[in-house]
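Structure, as structure tokens:
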Amino acid sequence: MSILADKNTRVLVQGITGIQASFHVKRSIDNGTNVVAGTSPNYTQGEHLGVPVFANVREAVKNMPIDASVLFVPARAVKQAVREAVEAGVKLAVSIAQGVPVHDMLEIKAMLKGSQTMLIGPNTPGLMTPNEARLGIFSEDLLHQGSIGIISRASTLTYEGILETNAAGLGQSTVIGLGDDMIIGTDFCPLLEKFMEDDATKAVVLIGKADNAYELQAAECYAKLPHKKPVIAFVAGESLPFASTMGYAADILTHGLTSVQDKKKVLSAAGMTVVDRMNYIHQALADLHLND
Amino acid sequence: MNIHEYQAKQILAQYGIEVPAGGIAYTPTEAKRVAQKISARGPWMLKAQIQAGARHSGYFLEHAANSKGGIRQVTQIKNVAYETSQMLGNTLVTEQTGAKGKLVSKVYVEAFKHVKRLFYAGIIIDSSLPAMVLLVSDVVDRDLLDFKTGEDDKILRLPLSYNEPINDSRLMRILDFLSLDKTHLEGFREFFNKLRVTFVNLDAQMIEINPVGVTRTKKLLALDAKINFDDNALFRHPDIWRMHDDYEEEPRVLKAKRNGFHYAEFDGNIGCIVNGEGLALEAMDVIRSKGWNTACALNVKGGVDKDKIAQGIKIIMTNPRVEGILINILGGFLRCNLIADGIIAATQEVGLNVPMIVRLEGTNKDEARTILRQTNLPIVFAENTNEAIDKLIEKMEIND
């Protein structure tokens, strides 16, 4: 078991013929991912990497069932690509590109509202259930099948989280990079909820960072969950000088609640185990005695 | 990306928002000429154009004894050139510039406007909604900051629709909040909707008008203006991109940006090269926890070009504050051997005379280590972030 994607998930790749997409999709297929089709605006028939390629998502879903889509399209094409996935009713979309305009994200969030689609990212290494589904660009050799769910808002620190769970001898059920951007498709809350219901997951590692308020929301919904599994939380950026780059407006908006210290306090009050350094995570996991 | 006040006002004027008559001056003589052109009798406002706030309460390094700041009101035309000359070519320090201050190379000369009322207006994106949010406050200037926590009733926050104009009932809420009667509705409707359209059309991340002036005829005037644009959307706005003032940025920051990297400088002595924002934050936190500080952090992101990576490493190596270098590369997109090639190319050009600790984890890491070992450069390897920083500090303490 896992959340969001496993070996049965039928995966579409939007923008499959690109150089980076080709490199990573081949690795995903080799790792066991059930890639069934791709799209490319300039490649309206034929095959690539052994799967059929369609002009758009609508054409693909007409021809075969699709459960999830990975978007390897460039940042400026992400809005249109998400629109295609939403309109075709694809349940899960994962967008990798870095540099999607913030206003595009405002429009994307409006599209997602009331739709069937959950968007992970953008600006993320993606999501991965080890040996079953690699939807993105994770270094698959670092991941090991196991019992820890990871949700991270700092792409590169996701790997630190993976290495820490490996060091604890536990491995991962599913690893999800939410994306580093100011506005992201999905926040911690729905994923925490899914991990709590997932049989394979015994505990969760949550990795947050200094900007925005996503960790505060995570604390709020975790506190309300009826069935809780342990969550080890880390928030990066406590040494950042608190200087606003956006004038008074940004300071006003945050209600004075952006410091890493404040986030840690709130997460801890919600019942999570908060660690001060990334490399304390493996010990915190070991202290849970999950293998006993 | 930030722009200057005079540029922001040009943009607002293009969108139909009223701003005082004004012009830019690079010399005192030019300032006098502009002043005469825009107003026969004055008074005039002289405003130093630097991209930092709190100019009024700032001071000039060169005239530390004279407490006059970067915004001055002049009532007689004969004083315009002199007051301008006091600012041009000098360094303005405000609470937002840091102790180094910023060099003033242009002054905006503006007609002084009598207004009945001042208030603060801003639009920003609230990521937690997510939506554009209009902020209005009766409090102007820096006093606003005192209300950022707690006293929420001093600030009105109104989420705005991305596609639809601001309707009259919301505008009435603004008027109520400011205790203004509904004879002001017309002026407010015009001003706030034009401000909203400016924000949406130009991919702005933040617009601040601090303050807005309300005239006797109930018109709204932008007396100051600050706009920040989304760098990722500038491809849609080449005209905005051309407004970029290279002199506003530190040369090393600018150089990093040209290579597609993110680079920031701090007060410490350790230079960090990482491939993600999270890793930079983690490195800084760990360095601080061991009693040291970071000099600079270069995020090469998913860079795939060896030459650009070499450029990036050179930026760190030429920062005089740097007494030790941490290279921490982790995971997926970036191939470790490119980092190794970049290190070698950079050291061949500028040498390596400070300790360097390298931690590589991910695609092609073994190949990268082999390449670096063959160079005989004094590079030490580490297995994780914590160990890397410990080893680096140990070496730096020996050098002390």
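The values are calculated or read from the model by the stated rules, or taken from the named source; none is laboratory data. Keep in mind the model is a prediction, meaning the values are calculated, not measured. Neighbour counts are summed over all protein chains in view; Cβ atoms, including those assigned to glycine, are modelled from backbone coordinates with ideal geometry.
Assorted remarks:
- Strands (runs of 3 or more DSSP E) within segment A:97-152 that include 3 or more residues under 16 Å from the mean Cα position of the chain (by Cα) and crowded, with 21+ Cβ neighbours inside 10 Å: A:126-129, A:133-136, A:145-152
- When every residue of segment B:166-183 is checked against the conditions, none turns out to be closer than 21 Å to A:V102 by Cβ and within 14 Å of chain A (Cβ to nearest Cβ).
- Among residues of segment B:377-390 that are away from chain A (no Cβ under 14 Å), those with a Cβ under 7 angstrom from a residue that is of a type outside the set (A, V, I, L, M, F, W, C), sequence gap 6+ or separate chain, pair up as B:L377/B:T347; B:V380/B:K391; B:F381/B:R369.
- Residue among A:A167, A:A110 that is within 13 Å of another protein chain (Cβ to nearest Cβ) and free of Cβ contacts under 8 Å to residues at least 24 places away in the same chain: A:A110
- Picking from residues in segment A:7-27 that are surrounded by fewer than 19 Cβ atoms within 10 Å (Cβ to Cβ) and in contact with an Asp or Glu (Cβ under 9 Å, 6 or more places away or on another chain), the one that is modelled with the lowest pLDDT is A:R27.
- Scoring B:I273 on the criteria (1) within 21 Å of A:K209 (Cα to Cα); (2) surrounded by 24 or more Cβ atoms within 10 Å (Cβ to Cβ); (3) within 11 Å of chain A (Cβ to nearest Cβ) leaves a single failure, condition (3).
- A:P101 at the interface with another protein chain (Cβ under 10 Å from one of its Cβ atoms) and in contact with a helix residue (DSSP H, G or I) (Cβ under 8 Å, 6 or more places away or on another chain): yes
- Residue check, A:A223 out of contact with any helix residue (DSSP H, G or I) (no Cβ under 6 Å at 6 or more places or on another chain), part of a helix (DSSP H, G or I) and away from chain B (no Cβ under 12 Å): yes
- Conditions (1) within 29 Å of A:T156 (Cβ to Cβ); (2) touching a strand residue (DSSP E or B) at 6+ places or on another chain (Cβ under 8 Å); (3) among the small types (G, A, S); number of the one not met by A:A60: (1)
- Candidate set: segment B:189-211, residues that are acidic (D, E) and touching a strand residue (DSSP E or B) at 6+ places or on another chain (Cβ under 7 Å); chosen: the one modelled with the lowest pLDDT: B:E208
- Residue count for segment B:276-295, restricted to those that are part of a loop (DSSP other than H, G, I, E, B) and more than 10 Å from chain A (Cβ to nearest Cβ): 3
- B:E250 vs. criteria surrounded by fewer than 24 Cβ atoms within 10 Å (Cβ to Cβ), over 30 Å from B:D138 (Cα atoms) and either in contact with a strand residue (DSSP E or B) (Cβ under 7 Å, 6 or more places away or on another chain) or away from chain A (no Cβ under 14 Å) (or both): yes
- Restricting the first member to segment B:104-133 and to residues that are more than 29 Å from B:K32 (Cα to Cα) and in contact (Cβ under 8 Å) with a residue 12 or more places away in the chain, and the second to residues that are aromatic (F, W, Y) and surrounded by fewer than 21 Cβ atoms within 10 Å (Cβ to Cβ), the beta-carbon pairs closer than 8 Å and six or more apart or on different chains are B:A131/B:Y162; B:M132/B:Y162.
- Counting the residues of segment B:296-308 that are in contact with a Leu (Cβ under 6 Å, 6 or more places away or on another chain) and away from chain A (no Cβ under 12 Å) gives 1.
- In summary, strands (runs of 3 or more DSSP E) completely within segment B:185-263 and bearing 1 or more residues that are closer than 22 Å to A:P101 by Cβ and in contact with a Gly (Cβ under 8 Å, 6 or more places away or on another chain) occur at B:204-214, B:226-229.
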